[in-house]
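The values are calculated or read from the model by the stated rules, or taken from the named source; none is laboratory data. Predicted model only: the values in this text are computed from it and were never measured. Counting neighbours? That spans all protein chains shown, and the Cβs are built from the backbone with ideal geometry, glycine included. Keep in mind that these areas ignore ligands, DNA and RNA; they rest on the heavy atoms of the full protein, side chains included. Shrake-Rupley method; radii C 1.70, N 1.55, O 1.52, S 1.80 Å.
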Amino acid sequence: MRLLVTGGAGYIGSHTSVLLLEAGHDVTVIDNLCNSSPMALERVQELAGRSLRFVEGDVRSREDLNRAFEGGIDAVIHLAALKAVGESCEKPLRYFENNIGGTICLMQVMEVHGVQRLVFSSSATVYGQAESVPVREDAPLRVTNPYGRTKLVMEQLIQDWCAAQPKASAVLLRYFNPVGAHPSGRIGEDPRGEPNNLMPYIAQVALGRREFLRVHGDDYPTIDGTGVRDYLHVMDLADAHLKALKYAVANPGCGVFNLGTGRGYSVREMVAAFEVASGREIHCRIGGRRAGDVSELTADPSRANEILSWRAAHDLAAMCADTWRWQQQNPTGYE
Ligand code: NAD
Ligand code: UFG
């Protein structure tokens, strides 16, 4: 297929693009590089042994999108978004404009070009503080921050767009906590500045770039008091996009799927596993709870297991080993 990957230079987009190229698809990436490096795309092509087409541009620009659709596109994988929860609370309009505005513009240009297949990066954040875990796709949706709101609104807009066209298909993928890196260590997560997320933070502490990990609370009602999440390997997540595309081709309408392993790990368990993988001690200090955090969020991935024939294959040891390889080989990321 001829595929357009928005945000393809980013963390998840780069890993997904490798697998798409390896599967023989023609890939065009559109990315404005606001949170990524063009070097990621060079390495994607090196790993896949094939080239892709890169359009440096913004999904809020019809002109840029028209350039990306030139030559024909059969389906779009839409990952481009801003994703920092804390920043979204300070600058909500920036998030509404970029994420929601970009998605509306993308759907408009898809319509002009007659493209009716869309795979969308949603997030477990749409569940907020779930009443019970693991969560199924039909659990109540409630968001706790502007970033989450953009994901929920985009899901709803895509559902309405899909319902208005009998042949259109959309797949909403609710990612839980993606971690890890390509096993080669050539591509991985490269956060700018101080990482917000646990795994890149731990990796930078192991490397000596940061002194200690601040554990955001140890008084949650969890096995050891620290927050529990459903971490999944980014290569498994990338693979889910191939399965979602296949599903979109065969099934008009809008499907929604949780992507996680179904198994939760606490912050302390993550630290212990990373210490084993790296052979380094991770210094920790216990701090207060982080505003907006939930105590425990894990996926029930049965729908994706059954309907997409997708299952996370990598365990926590592989997630830590691959993160560590990437971090060691690229101590300052793509710079
Ligand atoms: P990322 O920041 O590494 O990648 C996003 C990419 O989109 C970046 O390369 C950025 O430059 C690009 N981008 C942003 N706005 C753009 C715009 N207006 N036009 C063109 N390009 C633009 O983030 P990621 O972790 O790879 O996340 C990819 C998607 O998955 C996002 O939609 C994110 O919300 C979603 N998601 C991520 C996580 C996570 O923990 N990483 C969890 C759930 C959902
Ligand atoms: N944590 C720490 N110290 C840190 C960073 C995180 O203790 O320095 C803890 C958090 O309190 C939480 C766990 O590690 O208990 C995971 O935190 P992350 O920030 O890595 O992940 P979140 O689950 O909070 O959020 C992530 C993405 C969101 C997305 C959500 C979906 O950042 O964008 O997953 O589940 F919406």
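Tell me the net charge near Cys34. Cut-off is 15 Å between Cβ atoms, Cys34 excluded, with +1 for each Lys or Arg and -1 for each Asp or Glu.
-2
Convert each backbone phi in region 167-172 into a coupling constant with the Karplus relation 6.51 cos²θ - 1.76 cosθ + 1.60 (shift: θ = phi - 60°), then list the ³J(HN,Hα) values in order as whole Hz, x for Gly and Pro.
Whole-Hz 3J(HN,Hα) from phi for region 167-172: 9, 6, 9, 9, 10, 9.
What does the charge count around His216 come to, taking other residues whose C-beta lies under 13 Å from its C-beta (Lys +1, Arg +1, Asp -1, Glu -1)?
Local net charge: +3.
Place a point 7 Å from Cα of Ala23 in the direction of its Cβ. Which residues in region 118-159 have their backbone N less than 12 Å from it?
Under cut-off, by backbone N: 119.
Could you give the length gained by full extension between Ala164 and Asn66, i.e. 0.36 nm per residue of separation minus their alpha carbon distance, to one decimal place?
So the extension gain works out to 33.0 nm.
Could you tell me the distance between the Cα centroids of region 142-201 and region 261-320, to the nearest Å?
17 Å
Name the long-range amide H neighbours of Cys284: under 5 Å, sequence gap of 5 or more, or other chain; modelled H, no Pro or chain starts.
Residues meeting the amide H criterion: Leu213.
Please label the shape of region 69-170 as rounded, prolate or oblate, based on the square roots a ≥ b ≥ c of the eigenvalues of the alpha-carbon gyration tensor (a/c under 1.5 means rounded; beyond that, a/b larger than b/c means prolate, else oblate).
Note, shape of region 69-170 comes out oblate.
Pull up all non-local amide H partners of Gly255: gap of 5 or more, or a different chain, and H-to-H distance under 5 Å with H placed in the peptide plane.
Answer set, sorted by chain and number: Ala170, Val171, Leu172.
Looking at the square roots a ≥ b ≥ c of the eigenvalues of the Cα gyration tensor of region 1-87, which shape do they give, rounded for a/c under 1.5, prolate if a/b is larger than b/c, or oblate?
oblate
Among rounded, prolate and oblate, which fits region 178-335 when a ≥ b ≥ c are the square roots of the eigenvalues of its C-alpha gyration tensor, a/c under 1.5 means rounded, and a/b larger than b/c means prolate?
Here region 178-335 falls in the oblate category.
Between Arg214 and Cys89, 0.36 nm times their residue separation minus their Cα-Cα distance comes to what?
Here the answer is 42.9 nm.
For an R0 of 51 angstrom, estimate the FRET efficiency from the Cβ-Cβ distance between Ala250 and Arg280 and round to the nearest 0.05.
The calculated FRET efficiency here is 0.65.
For Leu232, list long-range residues whose amide hydrogen, built 1.01 Å from N in the peptide plane, is under 5 Å from its own amide hydrogen.
Asn177, Val179
Would you work out which of Pro191, Ala312, Met1 lies farthest towards the positive end of the dipole of the chain, given +1 charges on the beta-carbon of Lys and Arg and -1 on that of Asp and Glu, about the Cα centre?
After comparing all options, I get Met1.
Counting only Cα, what are the radius of gyration and maximum Cα-Cα distance Dmax of the chain, in Å?
Looking at the chain, its Cα Rg and Dmax stand at 19.0, 56 Å.
With every protein chain in place, what's the accessible area of Trp161 (1.4 Å probe, Å², nearest 10)?
30 Å²
How far is it, in nm, from the label point at Glu97 to the one at Arg290 when both lie 7 Å from their Cα along the line to the Cβ?
Once both label points are built, they end up 2.6 nm from each other.
Summing Lys, Arg as +1 and Asp, Glu as -1, what charge do residues with Cβ under 13 Å from the Cβ of Gly71 carry, Gly71 excluded?
After counting each charged neighbour, the total is 0.
Using Cβ-Cβ distances only, list the Cys residues of the chain with no partner cysteine under 4.7 Å, sorted by number.
Cys34, Cys89, Cys105, Cys284, Cys320
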